[in-house]
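Participant: Below: one structure in C-alpha cells.
Every number here is computed from the coordinates shown, using simple stated rules; none is lab data. Only a predicted model underlies this, so the values are computations on that prediction, with no experimental measurement involved. Note: ideal-geometry Cβ built from the backbone for every residue, glycine included; neighbour counts use all protein chains shown.
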Amino acid sequence: MTAAFRERDPARVAAEVAHLRDRYGATGVSFRDPLFNLDPDRVRAIANALMPLGMRFSGEMRADRLDEGLLVLLWRAGLRSLEIGVESVDRGLLGAHKRKPPELAQIERVVKVAQRLGVRVICNYLLGLPEDDERTMRETVDWAKRLDSFAVQFTVATPYPGTTLEAKAAPLPPEALTGFRPSVPHPTMSGDAIAALREEAYVSYHFRPRYMWRFARHAAAALWD
C-alpha cells in the first residue's frame with residue numbers, strides 16, 4: 001500500500017524554523033525532504049513565510065519543478081544550498097526502473113541560474129544499475145564534470161526498500177545498504193570494478209584545475225566572511 005503524501009502547513013513550517021532560531025540560536029536549517037517542491041505553490045508559500053526570518057536553508061528538490069522565478073524567490077527567502085538528482089546521463093536506463101528524471105537541459109538551466117544567484121548545487125549520480133555498463137557510467141561521470149556543480153555525490157545502485165532493485169536482491173541487513181559498494185550482482189561488472197569506478201569518479205571530479213580553483217576561492221571567501 002502506498003502511503004498518502006501529507007503536506008505540512010507553510011505557516012507551521014516557518015513557525016518551527018523561527019523556534020529553532022529563537023530557542024537554539026540556529027542560523028540555518030536543512031529540509032531533508034525529496035518532495036519539498038512537489039507542489040510549487042506550496043513552496044512559494046513556504047518561501048514567503050521564511051523570508052522575514054533571515055534564516056539560511058538548504059533543500060532537496062526536483063529540477064523539473066524549478067524555474068528561474070521560483071529559484072529567485074527561494075534565494076531571497078534564504079536558499080543557499082540545493083540538492084538535485086541527476087542519476088544517469090542515460091535517461092532511458094532510468095525509465096526501465098520506473099524513474100521519471102528531469103531532462104538534462106532542464107538540469108543545466110537550474111544549475112546555471114542557481115550558480116548565478118550564489119546557491120551551491122549538489123548533484124547526485126547513480127552508478128551500477130543492472131542495465132548500466134562501464135561506458136554509460138563513464139559517460140555519466142564525464143557529463144557531471146561538464147555540468148560542474150559545486151559538489152557531487154556518486155552512489156552505487158542499492159536495493160533500498162521500495163526500489164525496483166529490492167526484488168532482485170537477497171534479504172540484506174540495513175548496514176549492508178551503504179551506497180558505497182554494490183550489494184546486488186551486476187551482469188557485466190564485478191562489485192570491485194564498480195566500487196573502483198566510483199572512487200575514480202570522485203578523484204577525477206575533484207582534482208580538475210577548474211574545480212580546485214573554485215574551491216580555493218570559496219575557502220578564501222569563507223575565511224574573510
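Participant: Would you confirm whether any residue within region 120-134 is polar (S, T, N, Q), in contact with a strand residue (DSSP E or B) (Cβ under 9 Å, 6 or more places away or on another chain), under 24 Å from residue 214 (Cβ atoms) and surrounded by fewer than 19 Cβ atoms within 10 Å (Cβ to Cβ)?
Facilitator: yes
Participant: I would also like to ask the following. Count, please, the residues in region 1-47 that happen to be touching a helix residue (DSSP H, G or I) at 6+ places or on another chain (Cβ under 8 Å), closer than 18 Å to residue 75 by Cβ and outside any loop (DSSP other than H, G, I, E, B).
Facilitator: Here the count works out to 12.
Participant: Which one is surrounded by the fewest Cβ atoms within 10 Å (Cβ to Cβ), of the residues in region 170-209 that are more than 11 Å from residue 158 (Cβ to Cβ), aromatic (Phe, Trp, Tyr) and touching a strand residue (DSSP E or B) at 6+ places or on another chain (Cβ under 7 Å)?
Facilitator: In this case the residue turns out to be 202.
Participant: Further question on the same structure: Just one of 41, 9, 22, 33 is within 24 Å of residue 122 (Cβ to Cβ) and acidic (Asp, Glu); which is it?
Facilitator: 33
Participant: Let me ask you something else. Name the one entry in 139, 131, 175 that is among the acidic types (Asp, Glu) and under 20 Å from the mean Cα position of the chain (by Cα).
Facilitator: Answer to the selection: 139.
Participant: Based on this model, can you work out whether residue 48 counts as crowded, with 18+ Cβ neighbours inside 10 Å and of a type in the set (S, T, N, Q)?
Facilitator: No, not satisfied.
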